[in-house]
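Q: Just passing along the structure, written as structure tokens.
The values are calculated or read from the model by the stated rules, or taken from the named source; none is laboratory data. This structure is a prediction, so every number in the text was calculated from the model and none was measured. Heads up, the Cβs are rebuilt from the backbone with ideal geometry, glycines too, and the neighbour counts pull from every protein chain shown. Only protein heavy atoms, including side chains, enter the accessible area calculation; ligands, DNA and RNA are left aside. Shrake-Rupley method; radii C 1.70, N 1.55, O 1.52, S 1.80 Å.
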Amino acid sequence: MKRHLFYISENYSFEILRPLQKEILARGGEVKWFVSGNHINLDNFCDNEVILNSAADAVGYKPAACFVPGNHIPRFISGIKVQVFHGLEWKKKGHFQIRGCFDLYCTHGKSTTSRFKLLAKKHGYFDVIETGWPKVDPLFNAIPKQHFSTHKPTILYAPTFSPKLTSASDLFNEIKVLSQSKKYNWLIKFHPKMPMYWVEQYSKLECEHIKVVNSSEINELFQSADILLSDTSSVIGEFSLLGKPIVTYNNSLPGDYLIDIKTPSELSTAIVAALSPSDQLKQAITHYCEELHPFKDGQSSCRIMDAVENIFTNGKLANKRKPLNLFRNFKLRRKLNYWKI
């Protein structure tokens, strides 16, 4: 039985990795989870999920493969290091940064695969396989929930937490006014790293047609909403896979698949346009999705495991050794308090 380690540091990791866990278990493999840092709510674990309590336990587990939705994993843990990414939004700073940690990058579609393959050719020590993203395996079958007593159009507002990119401050007053008009139902979902000040401010707006949702199960929210309002959040790519319109505020790289606004005063008009999308906008969304994540079969976890098992059997295509990463690994040793050589 092959051992597999899920190396996580943020609560969003659960939705990303659980479809992959299901696939591993179906193949007769074993999964254990290791939590790095203190951002994880341990209550999110299910009773049948096994948590390793220390870096020493993770090392002693001797995994054959490690799966990481974050940016780093220490060299001293064994196994093939697999980057599965924490979002589809490739526009954010650092998405294409190579940190010397991974043997395999499991990319989502042409928009990321082509660039990572160029980077693989340049660096020579990692493989790139286009597999799709495990998080969206259950997306298309998620069941929408009736969050409100009325059947008005539902807007999902999901801003990023990044101070330079977030719309939470600029759009607050406009969302407050629009919510008071009672034309729409509002679901508000914050990133776990959103400053608590803004979570509290938006929570004060809660009423029969506006709810702040704390659940980590975002696929159901995507299915429940008619449109998405965001900025440069990673949820944009996920939501677009359902073919639904998206309004963004000062998106860092806006495309024709978005209704991007530059000032809060444009929000009301943009929402109206999104709720009655033009044929041109629908076509643009379809094209964007084909480039971003063409897989709609819910089998991305299967493709990831096929790629990993191919490395088990045949080795990597890349023939260079990974860099030692001495400074980065020293920092990780200090963070995890693991000094055994």
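Q: Just to be sure I understand the filter: pairs with C-beta atoms under 6 Å, separated by 6 or more residues or on different chains, first member in the stretch 252-270 and over 18 Å from ASP170 (Cα atoms), second member among the hydrophobic types (A, V, I, L, M, F, W, C). Which pairs pass?
A: Listed by first residue and then by second, the contacts come to ASP256/ALA284; TYR257/ALA284; TYR257/ILE285; LEU258/ILE246.
Q: Just to check your reading of the model, which residue among ASP279, ASP260 is under 29 Å from LYS152 (Cα atoms) and more than 22 Å from the chain's Cα centre (by Cα)?
A: Values: ASP260 fails: more than 22 Å from the chain's Cα centre (by Cα).
Residue meeting the stated conditions: ASP279.
Q: Let me ask something else about it. Looking at the stretch 86-97, can you tell me whether even one residue there is under 21 Å from ASN329 (Cβ atoms), of a type outside the set (D, E, K, R) and open to solvent by less than 40 Å² (accessible area, probe 1.4 Å)?
A: Yes, because at least one residue in the stretch 86-97 is under 21 Å from ASN329 (Cβ atoms), of a type outside the set (D, E, K, R) and open to solvent by less than 40 Å² (accessible area, probe 1.4 Å).
Q: While we're here: Across the stretch 111-168, which residue is surrounded by the fewest Cβ atoms within 10 Å (Cβ to Cβ) among those that are farther than 30 Å from LYS320 by Cα and among the small types (Gly, Ala, Ser)?
A: In this case the residue turns out to be SER149.
Q: So ALA55 clears everything in (1) of a type in the set (A, V, I, L, M); (2) farther than 22 Å from ASP127 by Cα; (3) touching a residue at least 60 places away in the same chain (Cβ under 8 Å); (4) open to solvent by 10 Å² or more (accessible area, probe 1.4 Å) except one condition, right? Which one?
A: For ALA55, the exception is condition (4).
Q: So, in the stretch 1-36, how many residues would count as being out of contact with any His (no Cβ under 8 Å at 6 or more places or on another chain) and open to solvent by 50 Å² or more (accessible area, probe 1.4 Å)?
A: 8
Q: In the stretch 289-312, is there at least one residue being over 27 Å from the mean Cα position of the chain (by Cα) and either assigned to a helix (DSSP H, G or I) or modelled with pLDDT of 95 or more (or both)? Spell out how you get there, then give the answer.
A: So in the stretch 289-312, the residues over 27 Å from the mean Cα position of the chain (by Cα) come out as none.
Taking every residue of the stretch 289-312 in turn, none turns out to be over 27 Å from the mean Cα position of the chain (by Cα) and either assigned to a helix (DSSP H, G or I) or modelled with pLDDT of 95 or more (or both).
Q: Looking at the stretch 244-274 only, could you name the residues that are open to solvent by less than 60 Å² (accessible area, probe 1.4 Å) and of a type in the set (A, V, I, L, M)?
A: ILE246, VAL247, LEU258, ILE259, ILE261, LEU267, ALA270, ILE271, ALA273, ALA274
Q: Restricting the search to the stretch 212-241, which residues are part of a loop (DSSP other than H, G, I, E, B) and either open to solvent by 40 Å² or more (accessible area, probe 1.4 Å) or within 25 Å of MET196 (Cβ to Cβ) (or both)? Show your work before the answer.
A: Of the stretch 212-241, the ones part of a loop (DSSP other than H, G, I, E, B) are 214-217, 225-226, 231-234, 241.
If the condition is that a residue be part of a loop (DSSP other than H, G, I, E, B) and either open to solvent by 40 Å² or more (accessible area, probe 1.4 Å) or within 25 Å of MET196 (Cβ to Cβ) (or both), then ASN214, SER215, SER216, GLU217, ALA225, ASP226, ASP231, THR232, SER233, SER234 are the ones that fit.
Q: Looking at the structure I just gave you, is SER13 under 19 Å from GLU217 (Cα atoms) and touching a Phe, Trp or Tyr at 6+ places or on another chain (Cβ under 9 Å)? Quick ask: steps written out before the conclusion?
A: Values: under 19 Å from GLU217 (Cα atoms): yes; touching a Phe, Trp or Tyr at 6+ places or on another chain (Cβ under 9 Å): yes.
Answer is yes for this residue.
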